[in-house]
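**Student:** If you scroll down you'll find the structure; I have some questions about it.
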Amino acid sequence: MSDVVVAGSGAAGLSAAIAAAEAGARVTVLEATSLVGGTTALSSGAMWVPANHRHAGDDIRAGRRYLEALDLGDTSAAARDRFLDEAPRVTKWLEDVTGLDLSVVPLPDTHAELPGAAATPGRTLEPGRRTVPAPIIAMVRPTPAGRPPMTLAELLTGGVPAAELERRRVDGVLTGGRALITALLTAALDAGVEIRTSARATRLRTGGVMVGDELIPGRIVLATGGFERDPELSAAFLPLRPDGLIGAPGARGDGLRMAMAAGARLGSMADAWWCPTIKVPGVPGSDQPHHRILLAERARPGAVMVDQDGRRFTDESQNYCDVGRTLHAFDAGFCFPRNPSWLIFDAEHRARYPVGPLRPTDPNPPWLHHAATIGELAHVIDVPEKSLTATVQTFNEGAGRGADPAFGRGTRAFGRATGDPQAPHPTLRGLTEPPYFAVAVHAGLGGTKGGPRTDPDGRVQHVLDATVPGLYAAGNAAASPFGLAYPGMGATISLALTFGTLAGRAAATDR
């Protein structure tokens, strides 16, 4: 008999399992798919933690001022304060328990100009490279084809020689989310946690949860991820149906449906960790395309984003969540004119920077459009030639002066940090070198933010203001305490780790 049953095996689920086991519980993790790791395994593995043990001089009070500045009336002050108190302790504890070697990512907070924000690196951490035994690697969801085994810091600050990348692949060296998940998984197994894959939990019963016709007894921690892979739930709650889904296939809303059936109070249902994505060919052996997030490509010199009318609409170098949200604009003509949009760049950008899985030395794939002039490119991608030409001309004129009067690109610390530190200006340069290229940009998301509201220890709250007995939630299976905000790179995983740990402890110790 299990004392605690965790549904889901991403960062939230595995941290809950480790914490519950450490508190003396017998723990079973149920993973709906055949592979462990959820969306965390597909991510950079970064975590945003104010006042963490690697960031000398930071303090929780500054973090509180910053999150308060980002509050639009949609956050939970109690959960926010608990996060600030617990996230540094949880991060250090997990580093000690798992052997993770965390290091600082060279990024400031996403809104570094606000009170309490960190304008210099320190709050975003990531796992270092890990050599992992083949049997553990085989249990974990692989990253999409074409993504190299590089840390986020390496992706942002410079390439890694091809020979070194091949050595890492051969030697079983993992980075990013897979490094994080394998560390958590190993610690969970060492603690005696039972891991069951292809075990989809879909119904709550008194004293446990059902997997098919089998009752798995214990208190339940919902860590099943979001609901973006379920068309019915997405249509019911999200402002538009995004086609750029980059999370794990198991994010089908199982935890949400179970929580709703138990009478849970819901929050943040219309929001998600939005992002701009590009559609690229599927993994080897599959004819299905998949989507890749556009991360630093938008911020690098020699590129702009335009809508279907050929006009810019945002500072392209902002964080992916806020840029992703700008793609949701609705037009009175009953359409979403920014979904899809276009990333436009010139030959110098193409020769210097990767775009998704496409390296500078790779041949042009069918999904990358190109033409000798901006006007010709407009015809290729079916946007108004006059408008696109004027947009690029205006941008080029400003970039030549090192300015972007329209959207302030290059004036914000986060945007400058995601640009090219070796360029004369990290994010501004005109599109002047033919030929010119375009790739369609789709509204996407890494996971939904909505789910049952919880107390600061992860206990699911009932719609009538009671607590649902024996039910806990964390990660994307719970309502985000940050509301609309994306305060720093890695905020998603830091919430999952912190509240997963708290939920696991509460599930193990509640009486």
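The values are calculated or read from the model by the stated rules, or taken from the named source; none is laboratory data. Predicted model only: the values in this text are computed from it and were never measured. Neighbour counts run over all protein chains shown; Cβ positions are idealised from the backbone, glycine included.
**Student:** What is the one condition in (1) farther than 16 Å from Ala299 by Cα; (2) of a type in the set (A, V, I, L, M, F, W, C); (3) part of a loop (DSSP other than H, G, I, E, B) that Ala403 does not satisfy?
**Tutor:** Here Ala403 meets the rest and fails (1).
**Student:** Being over 18 Å from Val36 (Cα atoms), in contact with a Gly (Cβ under 6 Å, 6 or more places away or on another chain) and assigned to a strand (DSSP E or B) is the filter here, so list the residues in the stretch 212-240 that pass it.
**Tutor:** Scanning the stretch 212-240 gives Leu215, Ile216, Pro217, Arg219.
**Student:** I've got another one for you. Restricting attention to the stretch 73-85, which residues are under 21 Å from the mean Cα position of the chain (by Cα) and either modelled with pLDDT of 95 or more or among the hydrophobic types (A, V, I, L, M, F, W, C) (or both)?
**Tutor:** Selection gives Ala79, Phe83, Leu84.
**Student:** Could I ask something else about it? Taking the condition of being under 18 Å from Ala46 (Cα atoms), in a loop (DSSP other than H, G, I, E, B), under 19 Å from the mean Cα position of the chain (by Cα) and not β-branched (Val, Ile, Thr), how many residues in the stretch 123-170 meet it?
**Tutor:** Result for the stretch 123-170: 9.
**Student:** Moving to a separate point now. Determine whether the stretch 174-190 contains at least one residue that is surrounded by fewer than 17 Cβ atoms within 10 Å (Cβ to Cβ), part of a loop (DSSP other than H, G, I, E, B) and charged (D, E, K, R).
**Tutor:** Checked against the condition, which is being surrounded by fewer than 17 Cβ atoms within 10 Å (Cβ to Cβ), part of a loop (DSSP other than H, G, I, E, B) and charged (D, E, K, R), the stretch 174-190 yields no hits at all.
**Student:** Counting only residues that are of a type in the set (A, V, I, L, M) and within 10 Å of Pro50 (Cβ to Cβ), which one in the stretch 60-89 is surrounded by the fewest Cβ atoms within 10 Å (Cβ to Cβ)?
**Tutor:** Restricting to residues being of a type in the set (A, V, I, L, M) and within 10 Å of Pro50 (Cβ to Cβ), the top hit is Ile60.
**Student:** Given the criteria of a type in the set (A, V, I, L, M), at pLDDT below 95 and assigned by TED's automatic domain parsing to the domain that holds Glu22, does Leu484 qualify?
**Tutor:** It is true that Leu484 is of a type in the set (A, V, I, L, M), at pLDDT below 95 and assigned by TED's automatic domain parsing to the domain that holds Glu22.
**Student:** Moving on. I'd like the residue in the stretch 48-59 that is surrounded by 15 or more Cβ atoms within 10 Å (Cβ to Cβ) and over 15 Å from Leu495 (Cβ atoms) and, out of all such residues, is modelled with the highest pLDDT.
**Tutor:** Among those residues, the one meeting the criterion is Ala51.
**Student:** Specify which of the listed residues (Ser9, Ser34, Ser43, Ser15) is surrounded by fewer than 23 Cβ atoms within 10 Å (Cβ to Cβ) and polar (S, T, N, Q).
**Tutor:** Ser34
**Student:** Separate question: In the stretch 46-93, which residues are part of a loop (DSSP other than H, G, I, E, B) and touching a strand residue (DSSP E or B) at 6+ places or on another chain (Cβ under 9 Å)?
**Tutor:** Within the stretch 46-93, Ala46, Val49, Asn52, His53, Arg54, His55, Asp74, Ser76 meet the criteria.
**Student:** Which of the residues spanning the stretch 340-391 are polar (S, T, N, Q) and in contact with an Asp or Glu (Cβ under 8 Å, 6 or more places away or on another chain)?
**Tutor:** Scanning the stretch 340-391 gives Ser341, Ser387.
**Student:** Considering only the stretch 9-36, state which residues are over 23 Å from Arg89 (Cα atoms) and touching a helix residue (DSSP H, G or I) at 6+ places or on another chain (Cβ under 6 Å).
**Tutor:** Val29, Val36, listed by residue number.
**Student:** Next question. Among the listed residues Arg459, Arg453, Arg429, which satisfies the condition of being in contact with a Phe, Trp or Tyr (Cβ under 8 Å, 6 or more places away or on another chain) and either among the charged types (D, E, K, R) or within 26 Å of Cys335 (Cβ to Cβ) (or both)?
**Tutor:** The unique qualifying residue is Arg459.
**Student:** So Arg300 clears everything in (1) under 25 Å from Thr151 (Cα atoms); (2) without any contact (Cβ under 8 Å) to a residue 24 or more places away in the chain except one condition, right? Which one?
**Tutor:** Arg300 satisfies all of (1) under 25 Å from Thr151 (Cα atoms); (2) without any contact (Cβ under 8 Å) to a residue 24 or more places away in the chain except (2).
**Student:** A further question on this structure: Collect the residues in the stretch 412-457 that are part of a strand (DSSP E or B) and aromatic (Phe, Trp, Tyr), keeping them in residue-number order.
**Tutor:** Tyr436, Phe437
**Student:** Now for a separate question. Restricting attention to the stretch 437-481, and to residues there that are crowded, with 24+ Cβ neighbours inside 10 Å and farther than 26 Å from Asp243 by Cα, which single residue is farthest from the chain's Cα centre (by Cα)?
**Tutor:** Going through the qualifying residues, I end up with Leu471.
**Student:** Picking from Ala112, Ala41, Ala78, Ala134, which residue would you name as being touching a Phe, Trp or Tyr at 6+ places or on another chain (Cβ under 9 Å) and in contact (Cβ under 8 Å) with a residue 12 or more places away in the chain?
**Tutor:** Only one candidate passes the filter, namely Ala112.
**Student:** So, one more: Restricting attention to the stretch 192-211, and to residues there that are assigned to a loop (DSSP other than H, G, I, E, B) and at pLDDT 95 or above, which single residue is farthest from Val36 (Cα to Cα)?
**Tutor:** Gly192
**Student:** Also, I was wondering about something else. Can we say Asp109 is in contact with a helix residue (DSSP H, G or I) (Cβ under 8 Å, 6 or more places away or on another chain), farther than 30 Å from Leu30 by Cα and among the charged types (D, E, K, R)?
**Tutor:** In short, yes.
**Student:** Please state which of the following conditions Arg409 fails to meet, knowing it meets all the rest: (1) surrounded by fewer than 22 Cβ atoms within 10 Å (Cβ to Cβ); (2) assigned to a loop (DSSP other than H, G, I, E, B); (3) among the basic types (Lys, Arg).
**Tutor:** Here Arg409 clears every test but (1).
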